[in-house]
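Student: First, the structure itself, so that you have it in front of you.
Values quoted throughout were computed directly from the atomic coordinates according to the rules given, and no laboratory measurement underlies them. Not measured: the values here are computed from a predicted model. Here the Cβ positions follow ideal geometry from the backbone for every residue, glycine too, while neighbour counts run over all protein chains shown.
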Amino acid sequence: MLFMGQSIKEGFNGTNQMRFFSEVLTISTSMTVILPEETTSQIGLKNNRSDGKIPVLYLLHGFSDDHTIWSRRTSIERYAAEYGIAVVMPQVDHNFYSDMQYGKKYWTFISEELPRIARSFFPLSVKREDNFVAGLSMGGYGAFKWALRKPEQFTAAASLSGVLDIATHAEKAREEQDPINNALYQVYGEQDLHGTDQDLFTVIKELLKSEKELPQLFQACGTEDYLWEDNQIFNQFAEENNLPLVHTFTTGTHEWGYWDEKIKEVLAWLPIKKS
């Protein structure tokens, strides 16, 4: 179903395609939203819906995709139904969930405006313990960056095949004239990302100096994935710094069969409270 934002309040369930205006981006944009429904007679599907505000998973797409990809390439709606959780999947283009050097402010949009808009349309919980974020590839990086830079917003975050060493990734793309280089230039310009708040290693070091509660982290990457080495480096760093992280490194490449399986594991791992 496709709805304009201003017409939505409560009472919708299933997968909804939404268009709404973003003041931050100054354009109309889109998100796919899955809402839970309590049912007892639906054949072949177990649905749960708790009373009150709904826990929510923000699920982020990768570099080549859009807000519809998770619902088209996986069974996320079926998986989420069992847990009584809403799933919000925004459209963010090629920006690595960042305020772009030569473009729009997607970090501000995703971390500040999107949750506010989603909660204005649907009865989503504002409590930290009810909010989670996950993503794949570019979205895996975005999920960890969002949770680690805004730990007061999320109790848990998951990265599937994430671009977790963005500084080195951007550096290599420039050196090798990778096709992704043009997009990265639009986002970061010529900036060296090492030591900046785009670099997860730097973000973690700063977070560890604070008294903020760290989110629980889940990391998955296939051992045949081209991002496997980056994920190993991040995992070693996490262990050295005693981060609350669990990981699963099994056979797999950068493809949807792997992510479909792992998002089920993520949902089972999330500390979703039952009311």
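Student: Of all alpha-carbon pairs in the range 162-215, indicate the percentage at a distance above 17 angstrom.
Tutor: On the way: 584 of 1431 pairs.
Distances greater than 17 Å cover 41 percent of the Cα pairs.
Student: Going by alpha carbons, how many degrees (0 to 90, nearest 10) lie between the helix axis of 200-209 and the longest principal axis of the chain?
Tutor: Between helix and principal axis, roughly 80 degrees.
Student: For every helix of n ≥ 4 consecutive DSSP H residues, a contribution of -39,500 (n - 2.57) applies; sum these over the chain, divide by its total residues, and give [θ] at 222 nm rounded to the nearest 500 deg cm²/dmol. Before the final figure, lay out each step's value.
Tutor: Details: 9 runs with 87 residues, N = 275.
Value at 222 nm, helices only, nearest 500: -9000 deg cm²/dmol.
Student: Something else about it: For the range 226-275 and the range 149-203, what is the centre-to-centre distance using only Cα atoms, to the nearest Å?
Tutor: Their Cα centres are 18 Å away from one another.
Student: Let me ask something additional. Can you tell me the order of 131-139, 54-62, 27-35 when each peptide is scored by its average per-residue count of other Cβ atoms within 10 angstrom, highest first?
Tutor: 131-139, 54-62, 27-35
Student: Just add up the charged neighbours of residue 23: K/R +1, D/E -1, any other residue whose Cβ is under 11 Å from the Cβ of residue 23.
Tutor: Details: positive: 105, 116; negative: 112, 113.
It works out to a net charge of 0.
Student: Kindly give Rg over Rh for the range 2-269, based on alpha-carbon atoms, with the Kirkwood expression for the hydrodynamic radius. Write out the running numbers ahead of the final one.
Tutor: Values: Rg = 17.9 Å, Rh = 18.8 Å.
Rg/Rh: 0.95.
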